[in-house]
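Participant: Take this structure, written in C-alpha cells, and hold onto it; I'll ask about it next.
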Amino acid sequence: MTSKSVLLDRVRPSPEQPLARPGVDRTSIGALVREFYSRVRKNERLGPIFAREITGDWEPHLEKMTDFWCSVILKSGDYHGRPVPAHLKLEDVTEADFEIWLALFRDTAAELFVPETAAVFIERAERIAASLKLAMFFRLDRAAPAGGQ
Ligand code: HEM
C-alpha cells in the first residue's frame, strides 16, 4: 500500500463498529450537520470561504455531509465522495482555519449530544482533520531533518 492510499484510507470512514447509542441516528446526525454549518456560515473567517465555494443551493452539501457523518458514525456506507481533493483545491485555507472549524464542531456536538456521544464525534473529527491537514500542508522540505539537526 502506498503512503498516499494509507492517507486516503484514514480520511475515508473506517470499517469499525457502528456507534449503537440511543438518539444517534440519521435524524440527529442531520440536525448536527445543519446546526454546525449554520454556525460555519456565520463565522467571520470560514463563512466567506464556504460562501465562495458553495454558491447555489446548500441542500446538496448538507445531505452529502449527513451521508458522510452517517458513514463515519453509523457505518451506513452512504458516503462515496473523496474529501482530500475537495480540500486540496482550497488554497487559501490555513492550519489555523482548522482550529476554528474544530472549535465550532466541538461546541455544536457538545450542545446536541450527551457528553459520551459528543466525544465520539469530536474524536473522529479531530482525526479526520489531522489527515486532511497532512494532505494539505505537509511538505517534505519543511519537515524536521532526521536526527533533529
Ligand atoms: C478549515 C477547515 C475546512 C474547510 C474550510 C472546509 C471546506 C470545505 C468546502 C468548501 C467543501 C465543499 C467543496 C465542494 O463541494 O466543492 C468541503 C467539503 C467537504 N468537507 Fe470540508 N472543510 C474543512 C474541514 C473539514 C473537516 C475537518 C472535515 C471532516 C471531519 C471535512 C469534511 C468534508 C467532506 C466530507 C466534504 C465533502 C467532500 C466531497 O465528497 O465532495 N471538512 N469542505
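Computed from the coordinates by the stated procedures, all read-outs in this text should not be read as laboratory data. Remember, predicted model here, so these are calculated numbers, not experimental data.
Participant: Among ILE100, ILE122, ILE54, which one shows the biggest mean-square fluctuation in a GNM of the chain, springs joining Cα atoms closer than 10 Å?
Facilitator: It is ILE54.
Participant: Can you quote the Å³ per residue value for the convex hull of the Cα atoms in the chain, rounded to an integer?
Facilitator: Numbers: hull volume 21.2 nm³, N = 149.
Hull volume over Cα atoms, normalised by residue count, gives 142 Å³.
Participant: Can you show me the helix-derived [θ] at 222 nm for the chain, built from DSSP H runs with n ≥ 4 at -39,500 (n - 2.57) apiece and divided by the number of residues, rounded to the nearest 500.
Facilitator: Details: 7 runs with 97 residues, N = 149.
Value at 222 nm, helices only, nearest 500: -21000 deg cm²/dmol.
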